[in-house]
Amino acid sequence: MTPDRRNFIASAGALAAVSPFPARPLRSQDRGRIVVVGGGFGGGTVARFLAVAGHDVTLVERNATFSTCPFSNTVLGGLNDMSAIAFNMKGLAAAGVTVIRREATGVDPDNRQLQLAGDSSLPYDRLVLSPGIEMQFDDLPGYDDAAAQIMPHAWQAGPQTAILRSQLEAMDDGGTVVIAPPEYPFRCPPGPYERASLIAWYLKNEKPRSKILILDTRDSFSKQALFEEAWTALYPGMIDWVGLSRGGRVVEVDPDTMTIITDFEQFEADVANIIPLQRAGAIARAAGVTDRTGWCPVAPDTFESMLVPGIHVIGDACLAGAMPKSGFSANAQGKVVAAAIDAILRGEALQSPKLINTCYSLAAPDYGFSVAGVYEVVGGELVSVEGSGGVSPTGAAPEVRAAEADYARAWYRTITHQIWG
């Protein structure tokens, strides 16, 4: 790793803890009613920062705890248990956020009301939706909500993570684990390959005769050279990646027989991790902020919906130009939206933002690498800043890989404490 890249990664981690706007007095007439749906990386961030700025913030989150997809692969690899990735909303409440455990069911944008299960509603001046994703169960023949209990996707962390982990623990040595990533766009593009790596770590140590088969819809994937280098060094002969041109696209599954069918052949799995196509969470569709893609187009400087005024959409649910769908991205977007809403309510000019994303991957407890990017608004779009960011080099020394694994853990501790601590 070059010194410049090491410094960039360190500064990116530090920026994750920076307030999006300086503390300054808030006049009573500028105090806004902000309602936020979703207490994850995006929603939790914007709720905390706006509450600290003095606004009246209500967070609607249906779950008592939020389980993070980042670092959920460490649970599958046996490096952490479920408690390590689960966070409650008490820290947000202590920061001044009113937390309501309810399901958001709809939006009345004309009267600026968020509708909740049980026929109640919340008025808002600004509404922020950070609903994450939902699975398109109707896309893959044989795969539905019931099949997901047998062939878990585990792409929404929590119970699905626990199911997949228990299946790995129960599998006999010599079994085959099949991982089937979806087509783009989806949450955390490098995630399936990190998952294969950390499951391989567990199998290498506990069930060394086992194999992992990745059936892919593409002929290339994020950080491919880095992952393949790690697999060769750490798990020789254990992981087989089958891309599109080799017949990797899954077209049907049969959970009763644990069969996965591709364009040219079929495979039997002992454990099957089927990750279907995704779209924005249900409340986004109910609010009318999704387009034909199933995602939410937004203005790149404020993340306000291009379809419904007064509603901002952040995190995995939005279409954020060149910015990938990741926890780091959602946190950065939450800060931008907090600053934008604060400026709008104060009647101040908006600032053109720059956003950072750093995506870490672990191939083993002491083997990490990353890709980083900086994004700015140009011509009404969020684009990569030319010459910014970068990716970890191949051929790096073991101490460099170990340092990046430490950076990954430090980032996770920092960002989760900042949001929910």
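The values are calculated or read from the model by the stated rules, or taken from the named source; none is laboratory data. Being a predicted model, the structure only gives us computed values, none of them experimental. Please note: Cβ atoms are built from the backbone with ideal geometry, for glycine as well, and neighbour counts cover all protein chains shown.
Tabulated data for the structure shown
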{"quantity": "Residue ID - surrounded by the fewest Cβ atoms within 10 Å (Cβ to Cβ), chosen from residues in region 130-153 that are part of a loop (DSSP other than H, G, I, E, B) and under 15 Å from the mean Cα position of the chain (by Cα)", "calculated": "153"}
{"quantity": "Residue count for region 12-44, restricted to those that are modelled with pLDDT of 70 or more, surrounded by 14 or more Cβ atoms within 10 Å (Cβ to Cβ) and assigned to a helix (DSSP H, G or I)", "calculated": "5"}
{"quantity": "Filter pass, residue 156 being under 22 Å from the mean Cα position of the chain (by Cα), of a type in the set (S, T, N, Q), within 30 Å of residue 191 (Cβ to Cβ) and assigned to a loop (DSSP other than H, G, I, E, B)", "calculated": "yes"}
{"quantity": "Residue list for region 218-241, restricted to those being under 14 Å from residue 178 (Cα atoms) and surrounded by 17 or more Cβ atoms within 10 Å (Cβ to Cβ)", "calculated": "238, 239, 241"}
{"quantity": "Only one of 256, 291 that is under 25 Å from the mean Cα position of the chain (by Cα) and surrounded by fewer than 17 Cβ atoms within 10 Å (Cβ to Cβ)", "calculated": "291"}
{"quantity": "Failed criterion for residue 198 (all others in (1) among the hydrophobic types (A, V, I, L, M, F, W, C); (2) in contact (Cβ under 8 Å) with a residue 60 or more places away in the chain; (3) within 21 Å of residue 238 (Cα to Cα); (4) not in a helix (DSSP H, G or I) hold)", "calculated": "(4)"}
{"quantity": "Residues that are surrounded by 16 or more Cβ atoms within 10 Å (Cβ to Cβ) and either under 20 Å from the mean Cα position of the chain (by Cα) or among the hydrophobic types (A, V, I, L, M, F, W, C) (or both), drawn from region 369-382", "calculated": "369, 370, 371, 372, 373, 374, 375, 377, 382"}
{"quantity": "Segments classed as strands (runs of 3 or more DSSP E), wholly inside region 48-107, with at least 1 members that are under 18 Å from the mean Cα position of the chain (by Cα), farther than 21 Å from residue 284 by Cβ and among the polar types (S, T, N, Q)", "calculated": "65-67, 86-88"}
{"quantity": "Residue 267 vs. criteria assigned by TED's automatic domain parsing to the domain that holds residue 146 and buried (at least 17 other Cβ atoms within 10 Å of the Cβ)", "calculated": "yes"}
{"quantity": "So residue 276, is it over 23 Å from residue 389 (Cβ atoms), out of contact with any strand residue (DSSP E or B) (no Cβ under 9 Å at 6 or more places or on another chain) and touching a residue at least 60 places away in the same chain (Cβ under 8 Å)", "calculated": "no"}
{"quantity": "Selection within region 384-399 - among the β-branched types (Val, Ile, Thr) and crowded, with 16+ Cβ neighbours inside 10 Å", "calculated": "391"}
{"quantity": "Residue list for region 147-194, restricted to those being farther than 22 Å from residue 221 by Cβ and touching a Lys or Arg at 6+ places or on another chain (Cβ under 8 Å)", "calculated": "171, 172, 173, 174, 175"}
{"quantity": "Matching residues in region 172-200 - criterion: being surrounded by 20 or more Cβ atoms within 10 Å (Cβ to Cβ), farther than 28 Å from residue 317 by Cβ and not β-branched (Val, Ile, Thr)", "calculated": "200"}
{"quantity": "Pair list, Cβ < 6 Å and 6+ apart or interchain, from region 45-71 residues that are on the phi > 0 side of the Ramachandran plot and modelled with pLDDT of 95 or more to residues that are part of a helix (DSSP H, G or I) and aromatic (Phe, Trp, Tyr)", "calculated": "71/412"}
{"quantity": "The one condition in (1) in contact (Cβ under 8 Å) with a residue 60 or more places away in the chain; (2) surrounded by fewer than 21 Cβ atoms within 10 Å (Cβ to Cβ); (3) closer than 30 Å to residue 26 by Cβ that residue 313 fails to fulfil", "calculated": "(2)"}
{"quantity": "Answer from 368, 373, 321, 387 - the residue that is out of contact with any strand residue (DSSP E or B) (no Cβ under 7 Å at 6 or more places or on another chain) and either in a loop (DSSP other than H, G, I, E, B) or not acidic (Asp, Glu) (or both)", "calculated": "387"}
